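Since every read-out is calculated from the coordinates, none of them should be taken as a lab result. What you see is a predicted model, and the numbers here were worked out from it, not measured in a lab. All Cβ positions, glycine included, derive from the backbone under ideal geometry; neighbour counts span all protein chains shown.
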């Protein structure tokens, strides 16, 4: 892997894993909140997490997390393209 690709992979991985962690954290919060209130309808997945982020923190924060999710996709594409498989 050349230096430019390696730097892109590292930086997109950092941003992407941070965004992914935030989304998983919001999903965990929604699940815990549903358990505490005994209301399973408050639990949710990724779509509910993005809706919660937009409602609580606004469109700008949602855009930042969406950019981070895109960076995670770039990281995975680079990782897959550089992976060598032996048959």
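Tabulated data for the structure shown
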quantity: Using alpha-carbon coordinates, inclination of helix 3-37 to the longest axis of the chain, degrees; calculated: 20
quantity: Computed [θ] at 222 nm, deg cm²/dmol, the chain (DSSP H ≥ 4; -39,500 (n - 2.57); rounded to nearest 500); calculated: -28500 deg cm²/dmol
quantity: Nearest 10 degrees, 0 to 90: helix 46-57 Cα axis against the chain principal axis; calculated: 70
quantity: Taking the chain and dividing mean pair separation by its residue count, relative contact order in percent (alpha carbons under 8 Å, at least six apart); calculated: 44
quantity: Per-peptide average of other Cβ atoms within 10 Å, ordering 80-87, 39-46 highest first; calculated: 39-46, 80-87
quantity: Stokes-Einstein diffusion coefficient of the chain, Kirkwood radius over Cα pairs, 10 °C, 1.306 mPa s, in µm²/s; calculated: 110
